[in-house]
Amino acid sequence: MKTVLVVDDMKTQLDLIDSYLSGAGFKVLTASDGAEALVKAKEHQPNVIVTDLVMPEMSGLEFCRKLKKNPTTAEIPVIAWTTKNRDIDKKWAKKQGVAVYLVKSSSKEEIINTIHSVVN
């Protein structure tokens with residue numbers, strides 16, 4: 001069973017994607033901010049991380065930079081799942097180590113298919 005770490009400061013978003021992914025057969029771990037996610041990533045070594053980019057305390061991009069700098073977590077692929085949909089945001093996210101960029105308006109099927117393509 002593949003493990004997905006989902007990072008978002010909004011509980012409703014965490015619950016939504018948790019239900020999508022659990023229903024698709026993934027083991028889901030959640031974190032409400034980047035600092036918590038860094039700890040969980042090191043501890044659990046998920047197959048992929050899905051993170052919001054706009055969060056208090058530590059943004060998703062800062063989280064991604066720190067994740068990629070740590071040799072024990074650097075190879076974990078990161079999917080940005082965000083409301084930001086400008087080309088400049090996408091380019092900056094790629095420079096920070098984001099593998100795939102999804103907007104939160106993506107369908108359940110698109111989210112699940114994207115995660116499958118990244119972990120397989």
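Please treat every number below as a calculation from the coordinates, not as lab data. This one's a predicted model, so the numbers in the text were calculated from it and none came from an experiment. Every residue, glycine as well, gets a Cβ built from its backbone with ideal geometry; the counts of neighbours run over all protein chains shown.
At-a-glance table
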| item | result |
| --- | --- |
| Partners for Lys68 among aspartates and glutamates (Cα-Cα distance below 17 Å; same-chain residues under 8 apart left out) | Asp33, Glu36, Glu43, Asp52 |
| Most mobile of Thr12, Thr51, Thr83 in a GNM of the chain (Cα contacts under 10 Å) | Thr12 |
| For the chain, calculated [θ]222 nm from helices alone, where every DSSP H run of n ≥ 4 adds -39500 (n - 2.57) | -14000 deg cm²/dmol |
| Simple label model, 7 Å out from Cα along Cβ direction - Gln45 to Asn113, nm | 3.2 nm |
| Rounded, prolate or oblate (a/c below 1.5 giving rounded, otherwise prolate when a/b exceeds b/c) for the chain by Cα gyration tensor | rounded |
| Two-site FRET efficiency, Asn85 against Met1, from Cβ-Cβ distance with R₀ of 22 Å, rounded to 0.05 | 0.10 |
